[in-house]
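Engineer: Got a structure for you, questions after.
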């Protein structure tokens, strides 16, 4: 049954960030990723009888720094709670988390999206321990059996919960990008969504546009990329609208995103807070956070993405798009600034970093820290191009060789004899030969077909194996073509 009702989405995100500490939140086990299953677990991780948790101070410092960066109100004291639930990846059948007294509340994150500035309020920021990881054998939706790895159990998690201020999948994806950038800049989380160190759950509902009452929400899990977040929310919004338009009702439930089929499907009915039977963690005393501790977190803040982006636009006269790309990660922004420190042409440097370098790194799934070309070497290549020692085409070929071998630009140019030809007499000989070989385009140009010049420039560049100075070639060709007399005879 059709309807003319227009619906709007209401979205809130719960982001879980694994913190970059060496050890876990309540014990001394390593928190590193990628070790043999169950090789980084102890009686505390496994919830054995008689064990006692000991809070990792570094975890609290990372949370305070993040709360300051997000403009949160940090509590003078907070406490941990037991969140009771019965899943096979949580051996003690409860998770140590924070509930009614979290570490921080009432922050906000502002970011540009679709040409506008969006402001999303932060409801709360709290700490908890991660759970183990289930490894399923069989199909995605119906595993034959599951194995459990407890290496992740007890890894420190920071959960950042937004208010339901997000109105579209695009806004949700951009919020997550901006939040990830902040966490990576702060060096409190590596932001790797594929490895699970940054995870996102979304609460989404729909309501008739213009109304204030919230609809029944569904929680969507298992989204491990910005693209998946956007696609999963778009699908879920359409699903809920379809159900309502057909006269059905939305039920509160947790749904999983299947990236292969590009749909969500029910996992379980959604729990309420009272289902978890929260109560204060009896083995941990309340945590007091002093003003000095907060001030220390504030003084150690780096220049954050938003401020660095604005500075790149002002200081380097870059377009907003370039500034956004170059400040997406702290290491990339630092790399770019190292290039322009030696090669002071910001826009040229921006183009080469974004197009050539990032293009090659992204193709291989590598990060800027893994670049085989250091900033000083890229600057040296661009200096050769700026001075006219090599042409733009040769510069790209030299770049590829630098990336492949790690050699310096000057060495590659010297070894392969790639120095640009700028000598007027030598260029003139090549130009005269090309004009003699192509009388047709010469005649066409003189009849007013100016695009023939492009063909002739290309022919000269080909004859010189890309080493001719393009600007000098254009000038010589124009002078020769627009002069009097016939082109020289000969050629083949």
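Each reported figure results from applying straightforward, stated rules to the coordinates on display, with no laboratory input. Only a predicted model underlies this, so the values are computations on that prediction, with no experimental measurement involved. Virtual Cβ from ideal backbone geometry, glycine too; neighbours counted across all protein chains shown.
Engineer: Can you give the FRET efficiency to the nearest 0.05 for residue 73 and residue 348, using r as the Cβ-Cβ distance and R₀ = 41 Å?
Structural biologist: The pair residue 73/residue 348 has a calculated efficiency of 0.35.
Engineer: Once label points are set 7 Å from the Cα along Cα→Cβ at both residue 315 and residue 108, what is their separation, rounded to one decimal in nm?
Structural biologist: Rounded to a tenth, the inter-label distance reads 2.7 nm.
Engineer: Could you state the angle between the C-alpha long axis of helix 226-245 and the longest principal axis of the C-alpha atoms of the chain, as a value from 0 to 90 degrees rounded to the nearest 10?
Structural biologist: The angle comes out near 60 degrees.
Engineer: Relative to the compact globular guide of 2.2 N^0.38 Å, what is the alpha carbon radius of gyration of the range 7-295, as a ratio?
Structural biologist: Against the empirical 2.2 N^0.38 Å value, I get 1.01 for the range 7-295.
Engineer: Sticking with this one: Hey, could you get me the Stokes-Einstein D for the range 116-192, Kirkwood radius over alpha-carbon pairs, 20 °C and 1.002 mPa s, rounded to whole µm² s⁻¹?
Structural biologist: In µm²/s, the coefficient is 140.
Engineer: Please give the calculated 222 nm ellipticity per residue for the chain, where each DSSP H segment of at least 4 residues contributes -39500 (n - 2.57) and the sum is spread over every residue; nearest 500 deg cm²/dmol?
Structural biologist: About -11500 deg cm²/dmol.
Engineer: Can you quote the Å³ per residue value for the convex hull of the Cα atoms in the range 1-139, rounded to an integer?
Structural biologist: In the range 1-139, the Cα hull volume divided by residue count equals 225 Å³.
Engineer: Follow-up. Once you place label points 7 Å from the Cα toward the Cβ at residue 133 and residue 449, how far apart are they in nm?
Structural biologist: Once both label points are built, they end up 6.4 nm from each other.
Engineer: Further question: Could you tell me how many degrees, from 0 to 90 and to the nearest 10, lie between the Cα long axis of helix 169-186 and the main elongation axis, the longest principal axis, of the Cα atoms of the chain?
Structural biologist: Orientation of helix 169-186: about 90 degrees from the principal axis.
Engineer: To continue, here is another question. Please give the contour-minus-distance gain from residue 194 to residue 425: 0.36 nm per residue of separation, less the Cα-Cα distance, rounded to one decimal in nm.
Structural biologist: Full extension from residue 194 to residue 425 adds 77.3 nm.
Engineer: Something else now. Kindly provide the pair-distance distribution of the range 303-416 built from C-alpha pairs, with 5 Å bins from 0 and whole-percent values in order of increasing distance.
Structural biologist: Result, from short to long distances: 2, 12, 24, 24, 19, 12, 5, 2, 0 percent.
Engineer: I've got another one for you. Based only on other Cβ atoms within 10 Å, what is the fewest-to-most ordering of 334, 454?
Structural biologist: 454, 334
Engineer: Based on the Cβ-Cβ distance from residue 147 to residue 465, what FRET efficiency comes out when R0 is 45 Å, to the nearest 0.05?
Structural biologist: The formula returns an efficiency of 0.15 here.
Engineer: Further question on the same structure: How high is the relative contact order of the chain, given as a whole-number percent (alpha carbon pairs under 8 Å, six or more residues apart)?
Structural biologist: 14
Engineer: Note down the nm distance, to one decimal, between modelled labels 7 Å out along Cα→Cβ at residue 86 and at residue 363.
Structural biologist: If labels sit at residue 86 and residue 363, their model points lie 5.5 nm apart.
Engineer: Still on this model: What ranking, highest mean first, results for peptides 182-191, 398-407 when packing means the other Cβ atoms within 10 Å averaged over each residue?
Structural biologist: Listed from highest to lowest mean packing, they are 182-191, 398-407.
Engineer: Rounded, prolate or oblate: which one fits the range 256-324, using the alpha carbon gyration tensor with axes a ≥ b ≥ c (rounded when a/c is under 1.5, else prolate when a/b beats b/c, else oblate)?
Structural biologist: Oblate shape, in that a/c is at least 1.5 and b/c is the bigger or equal ratio.
Engineer: Here is a further query. With a ≥ b ≥ c the root eigenvalues of the C-alpha gyration tensor of the range 67-128, is it rounded (a/c under 1.5), prolate (a/b larger than b/c) or oblate?
Structural biologist: It comes out oblate by the Cα gyration axes.
Engineer: Roughly how far apart, in whole Å, are the Cα centres of the range 445-478 and the range 360-395?
Structural biologist: Spelled out, the Cα-based centre of one part sits 27 Å from the other.
Engineer: Something else about it: What FRET efficiency, computed as 1/(1 + (r/R0)^6) with R0 = 22 Å and r the Cβ-Cβ distance, is obtained for residue 267 and residue 93, rounded to the nearest 0.05?
Structural biologist: 0.70
Engineer: Here's something else I'd like to know. Can you give the log10 of the normalised intensity I(q)/I(0) at q = 0.06 Å⁻¹, computed with Debye over equal Cα scatterers of the chain?
Structural biologist: The Cα Debye sum returns log10 ratios of -0.42.
Engineer: Something else: Can you tell me the length gained on complete extension of the stretch residue 279 to residue 299, counting 0.36 nm per residue apart and subtracting the Cα distance?
Structural biologist: That pair, residue 279 and residue 299, stretches by 3.7 nm at full extension.
Engineer: By average Cβ neighbour count within 10 Å, what is the ranking of 155-161, 318-324, 17-23 from highest down?
Structural biologist: Per-residue mean Cβ counts within 10 Å order the peptides as 155-161, 17-23, 318-324.
Engineer: Over the range 7-295, what is the relative contact order in whole percent, taking alpha-carbon pairs under 8 Å and six or more residues apart?
Structural biologist: Contact order relative to length: 24 percent.
Engineer: Is the shape of the range 424-481 best called rounded, prolate or oblate, per the rule: a/c under 1.5 gives rounded, else a/b larger than b/c gives prolate, else oblate, with a ≥ b ≥ c the square roots of the Cα gyration tensor eigenvalues?
Structural biologist: prolate
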